Amino acid sequence: MEKFQVQILLLFSLCYGILAMPTMENTEQFTQEDRKTAETYLNKFYTFTNKSRNTFAERIREMQRFFRMRVTGMLDNNTMNMMKIPRCGMPDVAEVRAVPGRPRWRQSSLTYRILNYTPDLPMDVVDDSIKRAFEAWSQVTPLSFTKVITGQADILIQFSRSSHNDQSPFDGRNGVLAHAYFPGLGIGGDAHFDEDETWTNNRAAFNLFLVAAHEFGHSLGLEHSNNPSALMFPNYRYVNTEGYRLPEDDVVRIQALYGRRPT
């Protein structure tokens with residue numbers, strides 16, 4: 001009888017230990033479509049030059065670290081929800097880092113040209129949104145931006161759907177909103193906006209000024225910030241645009257490339 005009681009006690013202790021162990025989210029709760037969505041997201045935004053790191057688990061961990069989430073290396077609900085937030089199409093793991101010697105414009109006077117206009121807004125509202133988006137950066141740096149109507153420009157701006165001749169097709173509504181390219185020759189500096197999105201100059205849908213100001217940060221050489229309050233945070237977030245000033249995180253990083261605005 002005593003031996004039987006000891007066995008029961010051991011079995012109870014084992015069961016209690018199993019229940020007390022910390023649990024991880026089970027990837028089996030997600031469908032094959034969810035898994036495909038996650039892999040597409042990771043391929044876009046978390047691809048490493050070191051191929052041995054390009055495993056599903058390692059890229060999930062890198063994403064979770066970037067967004068300051070619980071790092072598990074597993075596809076959980078919070079991670080999946082983060083992947084569904086509309087955002088910029090530039091990767092969060094960039095080949096080029098914000099360090100001395102990274103691509104930047106060598107001249108301080110830059111030109112831009114709007115190749116076409118979205119039908120969502122009047123042309124003068126688009127012009128004003130783009131102008132103010134550039135001014136957000138010129139307010140804190142020696143850079144100046146001049147709009148040209150024809151010919152070549154340092155930064156070309158266009159609204160496009162799906163494939164648009166840059167190897168980075170847009171994905172339809174509520175996914176990638178826009179993307180831009182670091183300074184350089186050819187496509188360098190250019191900014192593209194997804195015409196499948198609805199563009200506004202208020203809090204409805206997607207505010208063109210806020211998205212454009214973010215993309216022009218890339219056009220000037222900045223990568224994404226993992227500071228949620230920064231303009232260069234990859235996920236879209238509406239803030240009041242009246243009298244807009246760049247957050248401190250963005251000011252510090254752009255001035256590291258171009259210096260302060262002369263007084």
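The values are calculated or read from the model by the stated rules, or taken from the named source; none is laboratory data. For clarity, every value in this text was computed on a predicted model and none was experimentally measured. FYI the Cβ positions are ideal-geometry reconstructions off the backbone, even for glycines, and counts take in every protein chain you see. Calculation scope for accessible area: heavy atoms of the full protein, side chains included, ligands and nucleic acids excluded. Shrake-Rupley method; radii C 1.70, N 1.55, O 1.52, S 1.80 Å.
Taking segment 49-64 as the range and being surrounded by 12 or more Cβ atoms within 10 Å (Cβ to Cβ) and among the basic types (Lys, Arg) as the test, the residues that pass are Arg53, Arg59, Arg61. For the structure I just gave you, tell me whether Val148 is of a type in the set (A, V, I, L, M, F, W, C), more than 21 Å from Leu210 (Cα to Cα) and at pLDDT below 95. No; evaluated as a whole, the condition is false for this residue. When Phe134 is tested against (1) in contact (Cβ under 8 Å) with a residue 40 or more places away in the chain; (2) loosely packed, with under 15 Cβ neighbours inside 10 Å; (3) of a type outside the set (Gly, Ala, Ser); (4) assigned to a helix (DSSP H, G or I), only condition (2) is not met. Among the residues of segment 65-76, those that are open to solvent by 60 Å² or more (accessible area, probe 1.4 Å) and under 28 Å from Leu210 (Cα atoms) comprise Arg65, Arg68. Of the strands (runs of 3 or more DSSP E) lying entirely inside segment 138-243, those containing at least 1 residues that are open to solvent by 60 Å² or more (accessible area, probe 1.4 Å), over 20 Å from Met82 (Cα atoms) and of a type outside the set (Gly, Ala, Ser) span 144-147.
Determine whether Leu177 is of a type in the set (A, V, I, L, M) and without any contact (Cβ under 8 Å) to a residue 24 or more places away in the chain. Here the answer is no, as Leu177 does not meet what is asked.
The combined condition, being in a helix (DSSP H, G or I) and under 25 Å from Ile85 (Cβ atoms), is fulfilled by Arg253. Kindly establish whether Glu215 is modelled with pLDDT of 95 or more, on the phi < 0 side of the Ramachandran plot and over 16 Å from the mean Cα position of the chain (by Cα). Against the criterion (modelled with pLDDT of 95 or more, on the phi < 0 side of the Ramachandran plot and over 16 Å from the mean Cα position of the chain (by Cα)), Glu215 does not qualify. Pairs linking a residue in segment 48-61 that is touching a residue at least 12 places away in the same chain (Cβ under 8 Å) to a residue that is surrounded by fewer than 12 Cβ atoms within 10 Å (Cβ to Cβ) and not hydrophobic (A, V, I, L, M, F, W, C), with Cβ atoms under 6 Å and 6 or more positions apart or on different chains, do not occur.
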